[in-house]
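For reference, the structure discussed in these notes is given below.
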Amino acid sequence: MKKYLCTLLFLSLLAPIYAIGFEALSSSGYAPYRHQPEQASSLEDVFVFYGIDAASLRFVCDQPALCQWRSDKAALTNEQQSSDAQASILSHLQANTLYIVQYESQEYACYVIDYQLNPLQYGSLSAVTDAIDIATSLQLNLAYCSDDLSYRGLNGKSYTIDREHRLTYVDAVWAEDDRQYRDEEKEMASSGYISSLVLDAPKQDVSFCLQGDQFLRYWNLPLAETRCDYEAVSIETHAVAKLLKNEEEGLSLTGSAPLEVAFYSYANPATDYCIWYIYTTPGSEEEYLYRNEEDIEYTFYHSGTYTVKLKASNDTCEDSVSFSITVTESSLDCPNFFTPRSTPGENDEFRVAHESLIEFHGRILNRWGNLLFEWTDPDLGWDGTFQGKAVNPGVYFYVITATGSDGIKYVKRGDINLIE
């Protein structure tokens, strides 16, 4: 008896076990799209077919002969129903219909949709060009969009399957690392019925393409689409200023006269023109000159704090930025010794310490008044030679005249010790 029971158990383990549920089939070449319905609908599945003529449903179970089909529309005929060893089969389906299977005292339901009865279609796409906030955002209006697909649950209520839409375009995006605008593909996803889309204002002229939906993508069919071109008006600038002496950005815009400064607008492609306002009187914003160029250079000759403004603009929008430039007060100091040969690399030249000198003239004389060296650039100095030969250690004399950016006149006379 034990052996007999074990054999039955073994045979039962070998018997096929089917997962109870629906399968959807189509011989049209497009596999049905399976949607997970809302839990409140009490449906197991929602199937979206691309054409209902070649569609059928299978209810997989252990005993297909026990299945009883019905729908929420017309009565089902015997010709529609068949079965195999694994499933009860229903063919000749109707679109937008709820199908119910009674099996072992339980009800199982699914809903069938024919996509071809409500395909996605778009009307024209257009940009709103007179909005108040057009500098920061852009609204695209869609003239028409097909309704979402819908289905009914066992509770009689209606539910929707939101269509999925994608807006794509190529915009200019600022790349801080190499300080330039680069083309970057942008994508905006939306779902459900749409009549408008709001996005960040593009920084260059773009071509928008709106496409959908997920069902056409699933079937690898041409997507519904609509397009429009847009002429960008939003202005953006990443202007910088740098001193030409050190050619580094991010440092203080402070230095001695003559102070040469380079200004770069780095405005986005929607910019039509850049105007630089250089206020020529320290601390004033009344007297100025302007230059209509993307990038400029300017030399400040007088001490004080200046303002330089950039206005990047087109006929609709603008962006602006200001820089504060400080030219230090003048000064001039002269050393009393130098060591051109005894300590190489240290104190090798007779050089003045200075700030903001706009004129300079210096001479080195020996004790008999003979001219040994003459220079007009305060950044240069005397290396202790005359006509290419080193002069003897001793006392020499300098005569220096200069004018500061603040108008101060300097006259410096003194002796300098050349130490071996």
| request: Would you point out which residue out of Thr136, Thr168, Thr97 is within 34 Å of the chain's Cα centre (by Cα), hydroxyl-bearing (Ser, Thr, Tyr) and surrounded by 13 or more Cβ atoms within 10 Å (Cβ to Cβ)? | output: Thr168
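In this structure, does Thr299 turn out to be exposed (fewer than 15 other Cβ atoms within 10 Å of the Cβ) and assigned by TED's automatic domain parsing to the domain that holds Cys274? Don't jump to the end; show me each part of the working.
Details: exposed (fewer than 15 other Cβ atoms within 10 Å of the Cβ): yes; assigned by TED's automatic domain parsing to the domain that holds Cys274: yes.
So Thr299 passes the test.
When the residues of region 354-380 are narrowed to those that are out of contact with any Ser or Thr (no Cβ under 7 Å at 6 or more places or on another chain) and of a type in the set (D, E, K, R), which ends up surrounded by the most Cβ atoms within 10 Å (Cβ to Cβ)? Working first, answer last.
Keep residues of region 354-380 that are out of contact with any Ser or Thr (no Cβ under 7 Å at 6 or more places or on another chain), which gives 362-380.
Still in the running and of a type in the set (D, E, K, R): 363, 367, 374, 377, 379.
Values: Arg363: 15, Arg367: 10, Glu374: 12, Asp377: 9, Asp379: 11.
Only one residue fits best here, namely Arg363.
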| message | For the structure I just gave you, tell me whether Asp383 is more than 44 Å from the chain's Cα centre (by Cα), surrounded by fewer than 17 Cβ atoms within 10 Å (Cβ to Cβ) and closer than 22 Å to Thr254 by Cα. | response | no
| said: Quick check on Ile296: is it out of contact with any Leu (no Cβ under 7 Å at 6 or more places or on another chain) and under 19 Å from Asp406 (Cβ atoms)? | reply: no
| message | I need the full set of residues from region 274-289 which are of a type in the set (Ser, Thr, Tyr) and either in a loop (DSSP other than H, G, I, E, B) or surrounded by fewer than 13 Cβ atoms within 10 Å (Cβ to Cβ) (or both), in order please. | response | Thr280, Thr281, Ser284
| Of all residues in region 39-59, which are surrounded by fewer than 16 Cβ atoms within 10 Å (Cβ to Cβ) and at pLDDT 95 or above? | Gln39, Ala40, Ser42
| query | Just one of Trp368, Trp375, Trp382 is out of contact with any strand residue (DSSP E or B) (no Cβ under 7 Å at 6 or more places or on another chain), in the same structural domain as Gly407 (by TED's automatic domain parsing), at pLDDT 90 or above and among the aromatic types (Phe, Trp, Tyr); which is it? | reply | Trp368
| On the given criteria, is Thr401 surrounded by fewer than 13 Cβ atoms within 10 Å (Cβ to Cβ), polar (S, T, N, Q) and modelled with pLDDT of 95 or more? | no
| Can you tell me which residues in region 287-313 are of a type in the set (Phe, Trp, Tyr), in contact (Cβ under 8 Å) with a residue 12 or more places away in the chain and under 14 Å from Phe323 (Cβ atoms)? | Tyr298, Phe300, Tyr306
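The values are calculated or read from the model by the stated rules, or taken from the named source; none is laboratory data. Computed from a predicted structure; not experimentally measured. Using ideal geometry, Cβ is built from the backbone for each residue, glycine included, and neighbour counts are taken over all protein chains shown.
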